[in-house]
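The values are calculated or read from the model by the stated rules, or taken from the named source; none is laboratory data. Everything numeric in this text was worked out from a predicted model, so none of it was measured. Cβ sites come from the backbone with ideal geometry, for glycine too, and all protein chains shown count toward neighbours.
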Amino acid sequence: MNLSLSKNKDYSVWLKELKNKVRLVQIKAAVKVNSELLQFYWELGADIVEKQATAKWGDGFLSKLSHDLMVEFPDMKGFSKRNLELIRQWYLFYANEKLIAQQAVSQLIQIPWGHNIAIISKCKNMDKALYYVQNTMTYNWSRSVLVHQIESGLYEREGKSITNFKLALPEPQSDLAMQTLKDPYIFDFLTMTKDYNELELEKELINHITQFLLELGAGFAYIGRQFPIKVGERDFFIDLLFYHAGLHCYVIVELKTTDFEPEHAGKLNFYIKAVDSQYRKEGDQSTIGILLCKSKDKLVAEYALSDIHKPIGVSEYQLTHTLPDNLKPSLPSVEEIEAELSGEEKSQ
């Protein structure tokens, strides 16, 4: 710790002003804890950066500042040396883009401090970081959900599905629908054998409906699996049917365990027509179809959708076929199981 700072007049004056700021924050915190505290953190980050650049108070500056603030405010968390370092890092991450920073601060202070730190630790640029800030505000994500969305690459996947929405839907519905879809969808909460079929995949997705809805995104309400629909004298069954509260429309999800084929789009187009005719009510927008395939040829999918007038999106999905590596050590090998069984037989 740099004890010589205790005798530095400039440091003492600045520390006194800082303590007054903290007391003001404590008073306001009773009304609006998070935003007032984070606004203070932002200003403190700016002060720390400025002092380190101009005051030449030495390497022990943050240790000394941490000690002085914790002595003065023993019941207030956030003044550890580590947190002061994070405050500085947080400020620098956004302040490097000064024109954007002023617009961003009002959003940053609306989400919890832990969320802010998770975002800057996992995002390399401001556009990506602000995307997760805005989505946290919109959907009220917990920190664990936020981290999951970042680690699953939601920013890179959102809006990447191949669709005909620009042709099949009016604006702004087409843009909103496009943002709703992802490519690929990641169903890493499932562990399937390599020879799974579509019915097994449907069943497992519904068995894990909470995680499935999280991956689909906000606004999806589950209606049914193998949803029956009658056209003429024939019965048909839709893999999965949802209603999207934000888009105000039915959403049909068809699962394919094979590569995308053009005829898949034709069948989904038929289902969309049937749902629109039989279930769409006044105020509902056009039903949307999503084809989730094991893989797709981009050009084939674009060709297949180009002359279809119902709104359809084509995305791939990824899932886990084997146990994660971190679980394997906890499971016995075949040899260990055989040895255990052999021991049981001898004892009988």
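Test VAL71 against the criterion of being closer than 16 Å to GLU17 by Cα and over 27 Å from the mean Cα position of the chain (by Cα), and give yes or no. Can you show your working first?
Values: closer than 16 Å to GLU17 by Cα: yes; over 27 Å from the mean Cα position of the chain (by Cα): yes.
The answer is yes for VAL71.
Which residues, counting only those in segment 53-80, are assigned to a loop (DSSP other than H, G, I, E, B), free of Cβ contacts under 8 Å to residues at least 12 places away in the same chain and either at negative phi or not assigned by TED's automatic domain parsing to the domain that holds LYS16 (or both)?
Listed by number, the residues that qualify are PRO74, ASP75, LYS77.
Count, please, the residues in segment 169-180 that happen to be surrounded by fewer than 22 Cβ atoms within 10 Å (Cβ to Cβ) and in a helix (DSSP H, G or I).
Our first condition is that a residue be surrounded by fewer than 22 Cβ atoms within 10 Å (Cβ to Cβ); within segment 169-180, this holds for 170-176, 178-179.
Still in the list and also in a helix (DSSP H, G or I): 173-176, 178-179.
The total comes to 6.
Can you give me the number of residues within segment 121-130 that are touching a residue at least 24 places away in the same chain (Cβ under 8 Å) and either crowded, with 18+ Cβ neighbours inside 10 Å or over 15 Å from SER106 (Cα atoms) (or both)? Break it down into steps so the answer makes sense when it comes.
Filtering segment 121-130 down to residues touching a residue at least 24 places away in the same chain (Cβ under 8 Å) leaves 122-123, 126, 128-130.
Going one step further and asking which of them are either crowded, with 18+ Cβ neighbours inside 10 Å or over 15 Å from SER106 (Cα atoms) (or both), we end up with 122-123, 128-130.
Residues meeting the conditions: 5.
Collect the residues in segment 273-299 that are under 29 Å from the mean Cα position of the chain (by Cα), assigned to a helix (DSSP H, G or I) and hydrophobic (A, V, I, L, M, F, W, C), keeping them in residue-number order.
Step one: filter segment 273-299 for residues under 29 Å from the mean Cα position of the chain (by Cα), giving 284-299.
Those left that are additionally assigned to a helix (DSSP H, G or I): 298-299.
Listed by number, the list holds a single entry, LEU299.
For GLU282, which of the numbered conditions (1) modelled with pLDDT of 90 or more; (2) touching a strand residue (DSSP E or B) at 6+ places or on another chain (Cβ under 8 Å) fails to hold?
(2)
Counting only residues that are surrounded by fewer than 16 Cβ atoms within 10 Å (Cβ to Cβ) and among the aliphatic types (A, V, I, L, M), which one in segment 131-150 is farthest from ALA104 (Cα to Cα)?
For segment 131-150, the residue satisfying everything is VAL145.
For segment 230-288: of the residues being surrounded by 15 or more Cβ atoms within 10 Å (Cβ to Cβ) and among the small types (Gly, Ala, Ser), which is nearest to GLU204 (Cα to Cα)?
The qualifying residue nearest to GLU204 (Cα to Cα) is ALA265.
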